[in-house]
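Read the figures in this text as sums done on the coordinates, not as results from a lab. For clarity, every value in this text was computed on a predicted model and none was experimentally measured. Ideal geometry is used to build each Cβ from the backbone, glycine not excepted, and the neighbour counts take in all protein chains shown.
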């Protein structure tokens, strides 16, 4: 205890010139247990806006003034601070040094968990808190990298420079072309009150468009005038080919977290022997649909977004080896399944049923308060899917709402099975691909659930 008090006094001395945030006892316990977020409601008192620079470094202390670490402060978000180090009073230079080391470690991990090959050259490179890099996400699509700097503390030029230096060094070792585009999530950018990034690339090795020093990130003016860098590419997932456009798409593009689940769905459906008609609800750009087209004779992909379906059709054209009859339907998921369910119950025709159904809706629960409504939505979709499946058929059902736990999701699927009077065997349970790692003390990183079921 004496040694601990001595260390605390030393930390307090270091903090004498540092900005501090004092948080509640409950919040302190959560930070000690491994969580990294301090909500605005966790603050003992609201700091004066003029005393803390938006995106600045702050030392987190509990009510007894015991330091808990250093965090990046946000003046706008409901998450007031994100812990970046257990060391208090960290300087910006120290943070940037840690940042480079963590990026290098994350890239090294990806080389082990998701090695680049001709069959797979798209994956998540950096995953925010899951890589101890709060506020930073980066996805690779072949020779393009899409970067999201999501909070006030990371949407800054010194962070951009560190990210570009780390990526350019890593890609140079692989002798790979590289163009980095910054594409923040518009909703999060608004919540964080961040300016829009400059329109040009952060970095490119394109021969007609080289940064002044050949390495560093481009300034806003340089990016504005840079017209030669590529914005589109083709990438591979599980041997299938997809088109990518950096100027469009949700978040940073395709749902790379489903990579292994795509392959698992095709494998299980093939093994079932029921490989006639398949239905992919919320297909987006055709991820599950194209994988099922490898094993099924007829595939229908449904989405409410016409632009997503147009992208799915382009992706289909990139894979001429797929012989399944494939069609795309623009429709609301609930309305479409309701129509199919009503029709099937009226006709009782096997032609109105499917051997495999995928449900991959967007996150229904954006907050804890929305979880109850989300469960109702999941139940309706799965209930109708159960009714539409042939005996021995396969249901691949997904949730990407981190506010809905795996247990709650599984229970609502079970409830839908009972109401549909179907016997359901849970064959496999999956999460996100390993390039989207989970932190066991941070439930927010544990978001994707994929259940693969056999339905009698």
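For the reader, a short list of remarks on this structure follows.
- Kirkwood's formula applied to the C-alpha pairs of the range 255-455 gives a hydrodynamic radius of 16.9 angstrom.
- 20 Å binning of all Cα-Cα separations within the chain, expressed as whole percents from 0 upward: 23, 50, 25, 2
- 20 °C / 1.002 mPa s Stokes-Einstein diffusion coefficient of the range 37-153, Kirkwood radius on C-alpha pairs, µm²/s: 137
- Cα-projected label distance for residue 116 with residue 349, points at 7 Å along beta-carbon direction, nm: 5.1
- Annotation for the range 254-298 versus the range 62-84: alpha-carbon center distance of 43 Å.
- Convex hull volume per residue, computed on the Cα atoms of the range 373-444, equals 97 Å³.
- C-alpha center-to-center spacing [the range 411-454, the range 137-201] in angstrom: 31
- Here 203, 242 are placed in order of increasing Cβ neighbour count within 10 Å, fewest first, which gives 242, 203.
- Shape category assigned to the range 101-197 from the gyration tensor of Cα positions, a/c cut at 1.5: prolate
- Cβ-Cβ distance of residue 29 and residue 196, R₀ of 41 Å, FRET efficiency by 1/(1 + (r/R0)^6): the value works out to about 0.60.
- Each of 91, 77 has some number of other Cβ atoms within 10 Å of its Cβ, and from fewest to most they run 91, 77.
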